[in-house]
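Q: Take a look at this one; I'll ask things after.
The values are calculated or read from the model by the stated rules, or taken from the named source; none is laboratory data. These figures come from a predicted structure and were not determined experimentally. Because the Cβ atoms are built from the backbone with ideal geometry, glycine has one as well, and the counts that use them run over all protein chains shown.
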């Protein structure tokens with residue numbers, strides 16, 4: 001081992017880090033091969049300085065690119081050091097890191113050297129070496145280059161656990177503007193092929209809970225007239241259950257860049273929802289645009305990456321996959337962008353306050369999930385306890401419900417604990433104050449933890465506003481001080 | 001109501017639970033070294049009785065549930081100073097409520113108990129994440145007595161399952177491993193096999209708060225089934241020793257492990273290099289990173305400490 005390998009690793013990791021997909025979940029494999037196993041929920045081994053989890057050796061095979069995508073650090077015109085791995089080098093590196101339990105597996109992407117098929121052949125060669133010569137049974141995530149031929153894609157899928165084709169940009173116009181050498185049909189054809197092959201091997205699972213309980217591996221979800229690969233090519237379409245797990249066991253994902261063009265959040269999430277519903281992708285990843293190269297058509301080099309926006313989009317994406325929301329619901333008449341101050345679930349609840357407050361002892365699982373501050377785990381605990389004993393307000397905190405948001409939207413044994421007024425402005429200000437600033441008058445509800453009987457039975461003589469009209473967000477240190485003085489942290 | 005003093009074993013705790021019902025109600029349960037006599041309660045030292053412990057074990061399994069039996073064991077692995085009383089209260093509640101006990105999340109006794117379980121499961125997940133092996137060369141002269149590693153080269157996805165060692169050979173392999181590091185081997189013949197091709201051990205140090213290395217042992221012994229593993233719990237002087245799908249937990253002291261080789265230092269440097277360069281500096285978020293990696297785990301993480309330090313001597 002030499003300085004050469006050290007430099008190559010540094011260059012190729014530096015090039016690969018903008019590909020944000022890092023998960024090692026979706027494949028379960030034990031007792032296979034000579035070394036390694038795959039853990040179904042994935043294992044994060046460490047966290048990098050930017051807070052993101054590191055679970056795979058994420059590298060490019062080579063960063064010598066013939067394309068010239070405007071946003072990419074490896075584009076042909078950019079003056080950036082170039083390097084390439086040899087297949088044996090990469091395989092040895094992966095195995096040695098894996099043995100020491102540094103990583104769960106390999107994430108292999110590549111710049112386009114010579115042509116998509118040439119690069120894909122080299123990737124296939126490395127992965128086959130790893131799987132067969134070294135007997136590696138850990139996790140492999142292979143990036144598919146748009147424009148690759150169907151045969152190569154199929155063979156890569158047989159050795160990889162997860163496949164992804166980056167959609168890069170949310171709309172075809174942006175794609176044409178920033179990455180003219182990648183064409184939309186070259187991106188969607190491999191996506192279709194992967195989905196179809198997964199259906200044929202009875203392995204297609206949709207994203208999150210979106211298709212829970214529904215049969216996905218049937219002809220009605222098959223996409224178009226794409227060529228069928230593998231043994232069933234001559235037999236026409238049929239689902240072969242014995243081949244489950246042989247092709248891309250962990251499914252398909254994709255990634256798009258946020259903030260490069262001028263798309264709205266609504267168009268981004270509508271695109272994601274289409275990807276989930278059509279291709280049944282496992283996940284769409286969003287990467288805030290980081291200006292690593294100067295370009296006249298992209299945001300300025302000095303501009304800050306839109307991290308807050310990316311965060312809200314991820315929250316909305318979770319709502320699509322796990323909470324049964326649709327993108328139409330997330331954007332009301334209000335606008336095409338998500339509220340930066342409050343998470344999308346709260347803004348939806350405030351727009352639909354007529355459905356609240358919901359009684360936790362009688363609501364269905366789907367309605368419980370819609371309460372801000374209650375997630376999957378808390379909802380299941382509530383359901384479980386409900387069969388044997390009533391759920392009281394004090395129990396909710398022990399179940400993991402985030403009361404600072406949830407108390408405005410729920411009833412517990414008929415009592416409401418969210419203050420005196422039930423209107424969107426009051427609740428919005430209440431939540432914002434607790435999240436961002438602190439006005440002690442907010443906690444003077446008068447009735448303490450006994451809860452308030454809703455209007456209709458007995459109203460207080462003098463209505464209490466419940467918030468200070470002149471509040472403003474406090475700086476971070478002061479906020480934490482006040483929160484702990486009030487016993488909130 | 002009296003205070004019970006027990007010997008710190010799981011069977012001892014079950015014996016105390018038996019005494020709680022048949023002798024006198026427990027006011028507190030303490031291990032031998034930690035007891036301070038109190039004016040309020042008398043104390044009684046409990047000798048572990050396997051018959052009584054078995055009775056309680058079966059009672060938990062039949063009257064509460066299998067799941068709760070496993071939970072009680074996992075809770076006992078915890079480092080919580082109050083764990084024995086919390087377990088006792090949970091078991092008492094469990095005998096009254098039956099299999100629905102684990103669903104009563106609001107009950108303070110159940111909530112306390114499940115808080116311990118949550119810490120245990122968090123920490124055993126961290127065992128999977130933060131264990132870092134170093135490749136250490138075996139001392140000369142030991143290799144002849146060790147069995148060959150598995151040579152099958154099947155396809156990773158459809159390859160044959162590794163040959164199941166029969167119990168005697170597997171245990172003997174572990175004994176051989178224990179023997180090479182100077183521990184007394186348990187009863188069993190060491191098979192005289194051919195000289196091993198690879199003469200390396202994977203050695204890891206970890207310092208969990210709770211006693212959870214055994215919970216992670218199966219994962220590592222399956223994943224690295226053809227390697228010789230030692231996962232050393234530094235604070236407790238115990239280690240998981242695994243080879244060819246079998247593993248044992250035994251007492252272990254660190255003086256016996258030789259220094260890491262120069263090649264090992266190279267791989268550590270490569271890993272640290274990768275770790276430093278995979279972060280996007282424009283998104284730097286140290287607070288987020290610190291939330292995920294608490295300080296107490298950092299001293300054995302290769303990517304955070306300087307890789308040239310010889311951590312074995314620490």
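Q: List, please: which pairs have Cβ atoms under 7 Å, are six or more places apart or on different chains, and start with a residue in region A:305-327 that is at positive phi and end with one that is outside any loop (DSSP other than H, G, I, E, B)?
A: As it stands, the answer is A:324/A:366; A:324/A:369, since those pairs meet every condition given.
Q: Pull up region A:396-414, narrow it to residues that are more than 14 Å from chain B (Cβ to nearest Cβ) and assigned to a strand (DSSP E or B), then point me to the one that is surrounded by the fewest Cβ atoms within 10 Å (Cβ to Cβ).
A: A:411
Q: What is the number of the single condition among (1) more than 10 Å from chain B (Cβ to nearest Cβ); (2) out of contact with any strand residue (DSSP E or B) (no Cβ under 8 Å at 6 or more places or on another chain); (3) outside any loop (DSSP other than H, G, I, E, B) that residue A:77 does not meet?
A: Against the list (1) more than 10 Å from chain B (Cβ to nearest Cβ); (2) out of contact with any strand residue (DSSP E or B) (no Cβ under 8 Å at 6 or more places or on another chain); (3) outside any loop (DSSP other than H, G, I, E, B), residue A:77 comes up short only on (3).
Q: Please enumerate the residues belonging to region A:357-375 that are in a loop (DSSP other than H, G, I, E, B) and under 15 Å from residue A:403 (Cα atoms). Full working, then the answer.
A: Here is the first cut: in region A:357-375, the residues in a loop (DSSP other than H, G, I, E, B) are A:357, A:360-364, A:370-375.
If the condition is that a residue be in a loop (DSSP other than H, G, I, E, B) and under 15 Å from residue A:403 (Cα atoms), then A:357, A:360, A:370, A:371, A:372, A:373, A:374, A:375 are the ones that fit.
Q: Restricting the first residue to region A:412-436 and requiring it to be over 20 Å from residue A:401 (Cβ atoms), which pairs with a second residue that is not in a loop (DSSP other than H, G, I, E, B) meet a Cβ separation below 6 Å and a spacing of at least six or different chains?
A: Close Cβ pairs (under 6 Å, with a partner that is not in a loop (DSSP other than H, G, I, E, B)) amount to A:424/A:350; A:424/A:353.
Q: Among the residues of region A:109-126, is there at least one that is within 11 Å of chain B (Cβ to nearest Cβ) and touching a residue at least 24 places away in the same chain (Cβ under 8 Å)?
A: No: region A:109-126 contains no residue that is within 11 Å of chain B (Cβ to nearest Cβ) and touching a residue at least 24 places away in the same chain (Cβ under 8 Å).
Q: Of these, B:220, B:292, which one is under 18 Å from residue B:128 (Cα atoms), surrounded by fewer than 19 Cβ atoms within 10 Å (Cβ to Cβ), at pLDDT 90 or above and in contact with a strand residue (DSSP E or B) (Cβ under 7 Å, 6 or more places away or on another chain)?
A: The conditions single out B:292.
Q: Scan A:57, A:106 and give me the residue that is under 24 Å from the mean Cα position of the chain (by Cα), touching a residue at least 12 places away in the same chain (Cβ under 8 Å) and either closer than 24 Å to residue B:205 by Cβ or away from chain B (no Cβ under 14 Å) (or both).
A: Being under 24 Å from the mean Cα position of the chain (by Cα), touching a residue at least 12 places away in the same chain (Cβ under 8 Å) and either closer than 24 Å to residue B:205 by Cβ or away from chain B (no Cβ under 14 Å) (or both) holds for just one of A:57, A:106, which is A:57.
Q: In region A:162-186, what count of residues is obtained for those that are more than 19 Å from residue A:112 (Cα to Cα) and touching a strand residue (DSSP E or B) at 6+ places or on another chain (Cβ under 9 Å)?
A: Adding up the residues that qualify gives 3.
Residue-by-condition table, conditions (1) farther than 22 Å from residue A:324 by Cβ; (2) assigned to a helix (DSSP H, G or I); (3) more than 14 Å from chain B (Cβ to nearest Cβ):
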position	(1), (2), (3)
A:337	yes, no, yes
A:341	yes, no, yes
A:377	no, yes, no
A:384	no, yes, no
A:390	yes, no, no
A:394	yes, yes, no
A:418	yes, no, yes
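Q: Return only the number of the condition from (1) assigned to a loop (DSSP other than H, G, I, E, B); (2) over 24 Å from the mean Cα position of the chain (by Cα); (3) modelled with pLDDT of 90 or more that residue B:27 does not satisfy.
A: (1)
Q: Identify, by number, the condition in (1) assigned to a loop (DSSP other than H, G, I, E, B); (2) over 22 Å from residue A:288 (Cα atoms); (3) within 9 Å of chain B (Cβ to nearest Cβ) that residue A:49 doesn't meet.
A: Condition (2) is where residue A:49 drops out.
Q: Report yes if some residue within region A:116-137 is surrounded by 24 or more Cβ atoms within 10 Å (Cβ to Cβ) and in a strand (DSSP E or B); otherwise report no.
A: Taking every residue of region A:116-137 in turn, at least one turns out to be surrounded by 24 or more Cβ atoms within 10 Å (Cβ to Cβ) and in a strand (DSSP E or B).
Q: Determine which single condition residue B:151 fails, assuming it passes every other condition in (1) more than 24 Å from the chain's Cα centre (by Cα); (2) modelled with pLDDT of 50 or more; (3) surrounded by fewer than 20 Cβ atoms within 10 Å (Cβ to Cβ).
A: (2)
Q: Further question: Can you pull out every residue in region A:173-215 that is farther than 17 Å from residue A:145 by Cα and assigned to a helix (DSSP H, G or I)?
A: Within region A:173-215, A:173, A:174, A:177, A:196, A:197, A:198, A:199, A:200 qualify.
Q: Just a yes or no: is a residue in region A:30-38 more than 7 Å from chain B (Cβ to nearest Cβ), surrounded by 19 or more Cβ atoms within 10 Å (Cβ to Cβ) and at pLDDT 90 or above? If you could, list the steps in order and put the result at the bottom.
A: Step one: of region A:30-38, the residues more than 7 Å from chain B (Cβ to nearest Cβ) are A:38.
Pick out the ones that are also surrounded by 19 or more Cβ atoms within 10 Å (Cβ to Cβ) and you get A:38.
If we keep only those that are at pLDDT 90 or above too, we end up with A:38.
For region A:30-38, residues more than 7 Å from chain B (Cβ to nearest Cβ), surrounded by 19 or more Cβ atoms within 10 Å (Cβ to Cβ) and at pLDDT 90 or above: present.
Q: Restricting region B:255-275 to residues that are at pLDDT 90 or above and more than 8 Å from chain A (Cβ to nearest Cβ), which is surrounded by the most Cβ atoms within 10 Å (Cβ to Cβ)?
A: Top of the filtered list is B:268.
Q: Before we move on, is residue A:42 within 23 Å of residue B:276 (Cα to Cα), within 14 Å of another protein chain (Cβ to nearest Cβ), touching a helix residue (DSSP H, G or I) at 6+ places or on another chain (Cβ under 6 Å) and surrounded by fewer than 23 Cβ atoms within 10 Å (Cβ to Cβ)?
A: no
Q: Which of the residues that make up region A:392-436 are touching a strand residue (DSSP E or B) at 6+ places or on another chain (Cβ under 6 Å) and more than 19 Å from residue A:345 (Cβ to Cβ)?
A: Selection gives A:393, A:416.
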